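Working notes for the structure below.
The values are calculated or read from the model by the stated rules, or taken from the named source; none is laboratory data. Here the structure is a predicted model, which means the values were calculated and not measured. Don't worry about glycine lacking a Cβ; one is built from the backbone with ideal geometry, like all the others, and counts go over all protein chains shown. Protein only, heavy atoms only, side chains kept; ligands, DNA and RNA dropped before computing areas. Shrake-Rupley method; radii C 1.70, N 1.55, O 1.52, S 1.80 Å.
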Amino acid sequence: MCEDHDRILLAGCPSYDKLLSAKNKDYMSIIRMWLGDDVKSKDYIVALQHPVTTDIKHSIKMFELTLDALISFNKRTLVLFPNIDAGSKEMVRVMRKKGIEHHPNFRAVKHVPFDQFIQLVAHAGCMIGNSSCGVREVGAFGTPVINLGTRQIGRETGENVLHVRDADTQDKILQALHLQFGKQYPCSKIYGDGNAVPRILKFLKSIDLQEPLQKKFCFPPVKDNISQDIDHILETLSALAVDLGGTNLRVAIVSMKGEIVKKYTQFNPKTYEERINLILQMCVEAAAEAVKLNCRILGVGISTGGRVNPREGIVLHSTKLIQEWNSVDLRTPLSDTLHLPVWVDNDGNCAALAERKFGQGKGLENFVTLITGTGIGGGIIHQHELIHGSSFCAAELGHIVVSLDGPDCSCGSHGCIEAYASGMALQREAKKLHDEDQLLVEGMSVPKDEAVGALHLIQAAKLGNAKAQSILRTAGTALGLGVVNILHTMNPSLVILSGVLASHYIHTVKDVIRQQALSSVQDVDVVVSDLVEPALLGAASMVLDYTTRRIY
């Protein structure tokens, strides 16, 4: 309406405040009341279709095709009568002509109370039709939606909505049902996050009512106006970042600029159930604290070891360091609890994403990140995009084989980079030296209750222990040979070494490149990451990059 954008608050829909607090543990009784005693959660459809007054004839035809598709799909369906717009009587005649009111698979109703309707759509296997409810409210629960026709065209929707603009055949609608039914999507916050009312109150309190105002006319589009969104006026756009390490479980509130506003750390439990419960507890506490810190949480990003399917948010196979962590759906419990979208990826990939957004890979088209920690991992950015591979196994850089008769690796093979250069490998060699009384030199001691580890080996090398120096040189050479293979395969413009051991390897790696690499790639720069928390920052970047893609 050409209002001054400094005076406009994008607060979200106040109805979401009630919507997101409308959890009902006894939702099954509501489902049984409206759909029958034999219906299970996520195994039914809610259908709500209205006439399009500019093309009533096509609306009726499309509704007929929808009902035919639902009959063929053969799932229990709650059908709500259309609204009273022009064309509604004709649509009701179509329902009666097809016997929907008496069909065993259908329940046809004129009205459902709001609180009960929310429970029905929240636990449906799918919603179909052209109601604004499918575009707005249902996204809050991640329920799959099929939006038919043009009634909602131009409105922004979450990824849970599949559009069938030209719903002109039964097969097209039926195919959409097969694609959508039973899926679970991240909760969408496009239309609200449940905090609209306190946000509105905060905004009103920020206004000086004594200040006289002259009407200003601002004609759209207005670009790059940071006062257009409440985030820029009062709150800090932020993400919840989770890092699942072999030892510790960490949760942090991370701002858009990569600042860790607050961090929480606990020991990572050994069992699946304890771990899931702790993740949920820590995230709920952090989300509550974020409100006090004036941070708006846009979503949750999770970095974890092992092979991850980021599309589904599932840990397929974990590392041996994280037990009971295979075929784990992380997205659903977090999304259901926090009403926030959730992203999950491998810790090596997250490190690469952190470098792309906050580190030395910013603005580069192609680069590779290698993590040197307890294990060896990595991530590949190619043409600005993260490479996952056909089975989500890309960038397992720690398992590049550099020797045919090298030491055994945790993956079951031998001669991998990880078998030489990881923290576990250095710890193994340190223990051997210690057992042979060849580790400690003057100025060193290891308390009886302290386990010998990689840091002791590094300390011994710095103090002149020749055998420790030789082990570190061998480890750095193995890592360097792996980097040479990467240079010859990917030809990146930069290699970033990350993790606690990176600074101890960098010079040896550069020497190996000069000696072993083709001349055409010897000029590729190898640097040590300057990011303190790459796993947390990478997890946060998944959220911040995706949720802020919209342009106001």
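Looking only at the range 73-91, residues that are touching a helix residue (DSSP H, G or I) at 6+ places or on another chain (Cβ under 6 Å), of a type outside the set (A, V, I, L, M, F, W, C) and either under 19 Å from Lys172 (Cα atoms) or not in a loop (DSSP other than H, G, I, E, B) (or both) come to 2 in all.
Would you confirm, using the coordinates I've provided, whether Gly348 is in contact with a helix residue (DSSP H, G or I) (Cβ under 9 Å, 6 or more places away or on another chain), closer than 23 Å to Ile260 by Cα and open to solvent by less than 10 Å² (accessible area, probe 1.4 Å)?
In short, yes.
Applying a threshold of 8 Å to beta carbon distances and a minimum spacing of six or more residues, or different chains, the list of pairs starting in the range 99-119 at a residue that is outside the structural domain of Phe81 (by the TED database) and of a type in the set (Ser, Thr, Tyr) and ending at one that is assigned to a loop (DSSP other than H, G, I, E, B) and surrounded by 12 or more Cβ atoms within 10 Å (Cβ to Cβ) is empty.
Looking across the range 26-37, the residues that are surrounded by fewer than 21 Cβ atoms within 10 Å (Cβ to Cβ) and either under 34 Å from the mean Cα position of the chain (by Cα) or not in a loop (DSSP other than H, G, I, E, B) (or both) come down to Asp26, Tyr27, Met28, Ser29, Ile30, Arg32, Met33, Trp34. The set of residues in the range 463-518 that are in contact with a Lys or Arg (Cβ under 9 Å, 6 or more places away or on another chain), of a type in the set (Gly, Ala, Ser) and over 15 Å from Glu418 (Cα atoms) contains only Ala468. Exactly one residue among Asp43, Asp55 is closer than 26 Å to Gln170 by Cβ, open to solvent by 40 Å² or more (accessible area, probe 1.4 Å), in contact with a Gly (Cβ under 8 Å, 6 or more places away or on another chain) and among the acidic types (Asp, Glu), and that residue is Asp43.
How many residues does the range 506-516 hold that are more than 37 Å from the chain's Cα centre (by Cα) and open to solvent by less than 100 Å² (accessible area, probe 1.4 Å)? Talk me through it step by step, then tell me what you get.
Keep residues of the range 506-516 that are more than 37 Å from the chain's Cα centre (by Cα), which gives 511-512, 514-516.
Retained after the next criterion (residues that are open to solvent by less than 100 Å² (accessible area, probe 1.4 Å)): 511-512.
Residues flagged as more than 37 Å from the chain's Cα centre (by Cα) and open to solvent by less than 100 Å² (accessible area, probe 1.4 Å) within the range 506-516 amount to 2.
When Ser470, Ser529 are checked against the criterion of being at pLDDT 95 or above and under 30 Å from Arg331 (Cα atoms), a single residue qualifies: Ser529. Reported count of residues in the range 21-76, each being small (Gly, Ala, Ser), within 23 Å of Gln116 (Cα to Cα) and touching a residue at least 24 places away in the same chain (Cβ under 8 Å), is 5. With respect to Gly482, is the statement that it is in a helix (DSSP H, G or I) and touching a His at 6+ places or on another chain (Cβ under 9 Å) true? No, not satisfied.
Of the set (1) more than 19 Å from Met424 (Cβ to Cβ); (2) open to solvent by less than 60 Å² (accessible area, probe 1.4 Å); (3) hydroxyl-bearing (Ser, Thr, Tyr); (4) modelled with pLDDT of 95 or more, all apply to Ser493 but (2).
Would you mind stating whether Ser413 is open to solvent by 70 Å² or more (accessible area, probe 1.4 Å) and more than 25 Å from Lys362 (Cβ to Cβ)? Spelling it out, it is not the case that Ser413 is open to solvent by 70 Å² or more (accessible area, probe 1.4 Å) and more than 25 Å from Lys362 (Cβ to Cβ). A search for C-beta distances below 6 Å between a residue of the range 461-481 that is open to solvent by 70 Å² or more (accessible area, probe 1.4 Å) and any residue that is at pLDDT below 95 and part of a loop (DSSP other than H, G, I, E, B), counting only pairs 6+ apart in sequence or on different chains, returns Leu463/Val441; Leu463/Gly443; Lys467/Gln438.
Here is the figure for the range 191-221: residues that are under 27 Å from the mean Cα position of the chain (by Cα), of a type outside the set (A, V, I, L, M) and not in a loop (DSSP other than H, G, I, E, B) total 2.
Considering the range 242-310, the qualifying strands (runs of 3 or more DSSP E), each wholly inside and each with 1 or more residues that are open to solvent by 50 Å² or more (accessible area, probe 1.4 Å) and free of Cβ contacts under 8 Å to residues at least 24 places away in the same chain, run over 248-255, 260-267. Within the range 38-52, the presence of at least one residue that is among the polar types (S, T, N, Q) and outside any helix (DSSP H, G or I) is confirmed. Residues in the range 532-545 that are surrounded by fewer than 21 Cβ atoms within 10 Å (Cβ to Cβ) and aliphatic (A, V, I, L, M): Val532 only. When the residues of the range 392-407 are filtered to those that are touching a Cys at 6+ places or on another chain (Cβ under 9 Å) and not in a loop (DSSP other than H, G, I, E, B), the one that is least open to solvent (accessible area, probe 1.4 Å) is Gly398.
Only one entry in Glu365, Glu450 is farther than 22 Å from Gly246 by Cβ and either open to solvent by less than 60 Å² (accessible area, probe 1.4 Å) or assigned by the TED database to the domain that holds Val521 (or both), namely Glu365.
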